[in-house]
Amino acid sequence: MPPTASSAPVRVALVTGASRGIGRAIALRLARDGRHVVLSARSEGPLAEVRAAIEAAGGKASILPVDVADAKALAAAVEGVAEAHGRLDILVNNAGVTKDNLALRMSDEEWATVIATNLTSAFVATRAAARAMMRARFGRIVNISSTSGVVGNAGQANYAAAKAGLLGLTKTIARELGGKGITCNAVAPGFIQTDMTDGLPPQVKEQVTAMIAVKRLGVPDDIAACVAYVTSDEAGFLTGQTICVDGGMTMT
């Protein structure tokens, strides 16, 4: 007989960049859906607040401070999650930074930092998580990309390149691991109300809103809802896809 809802295993989900914004919303949603969420970011303090919010709502969470730009530390941390919990079912590569500049003015440091944090870290975490997922014959990997990686954006050569790189990584991992019960998809947010967009002038927000079919900016919960589905048991036939959650801004 298949396991009942009460006897089914609790899925363990690791979310990077979980201390604020989209990552925080994803963590809260996955916990609400019954996952044990491992919260990761550089600083422990903000993660403690997210864990407290999850536990106050009756969910389960633990904290894993790590700098995703430190590849060695990140790989060890991801492998440690699987060892500590005996499983790692869901990986959400959400951590990211911006260092915007026009391409001709962009420094090597600005380029390298964004590539390391937004792209290389996703590869490192995925490689480390895949081993546990292959043993379990189940896995859900989600890379949080951006519409900047789909259509480009002036002043964001580093960010757009990293986010576009995630799309190629997503398709490759989907092909390599699909036969082992592991899916890999990318979610590409459009303009979402977060710390990164709060500083935009009102006129810029008005211009952006005019380009969006639903005539509003997104909120982190919009992204979290999409991630909740693609990481669910029911989404086993969805892989290698880029889902633009952007209110219709980039539709073709």
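The values are calculated or read from the model by the stated rules, or taken from the named source; none is laboratory data. Everything numeric here is computed off the predicted structure, so don't read it as measured data. When we count neighbours, we look across all protein chains shown, and the Cβ atoms used for this are built from the backbone with ideal geometry, even at glycine.
Set side by side, the residues 80, 17 differ, and just one is of a type outside the set (A, V, I, L, M), more than 15 Å from the chain's Cα centre (by Cα) and at pLDDT 95 or above, which is 80. What do you reckon, is residue 95 under 18 Å from residue 71 (Cβ atoms), surrounded by fewer than 24 Cβ atoms within 10 Å (Cβ to Cβ) and touching a strand residue (DSSP E or B) at 6+ places or on another chain (Cβ under 9 Å)? When the stated conditions are applied, residue 95 does not pass them. Count of the range 35-64 residues, restricted to those that are surrounded by 15 or more Cβ atoms within 10 Å (Cβ to Cβ) and not in a helix (DSSP H, G or I), is 14.
Remark: residue 250 matches the filter, which requires a residue to be over 19 Å from the mean Cα position of the chain (by Cα), surrounded by 13 or more Cβ atoms within 10 Å (Cβ to Cβ) and over 22 Å from residue 128 (Cβ atoms). Among all positions in the range 235-247, there is at least one residue which is under 22 Å from the mean Cα position of the chain (by Cα), farther than 30 Å from residue 137 by Cα and either modelled with pLDDT under 95 or not in a strand (DSSP E or B) (or both).
Checked against the criterion of being surrounded by 19 or more Cβ atoms within 10 Å (Cβ to Cβ), on the phi < 0 side of the Ramachandran plot and not in a strand (DSSP E or B), the candidates 112, 188, 130, 154 yield just one match: 130. Within the range 44-56, residues that are within 12 Å of residue 20 (Cα to Cα) sit with their Cβ atoms under 8 Å from residues that are hydroxyl-bearing (Ser, Thr, Tyr) and surrounded by fewer than 22 Cβ atoms within 10 Å (Cβ to Cβ), at 6+ positions apart or across chains, in these pairs: 51/62.
For the range 201-220, the tally of residues that are outside any strand (DSSP E or B), surrounded by 15 or more Cβ atoms within 10 Å (Cβ to Cβ) and of a type outside the set (Val, Ile, Thr) stands at 3.
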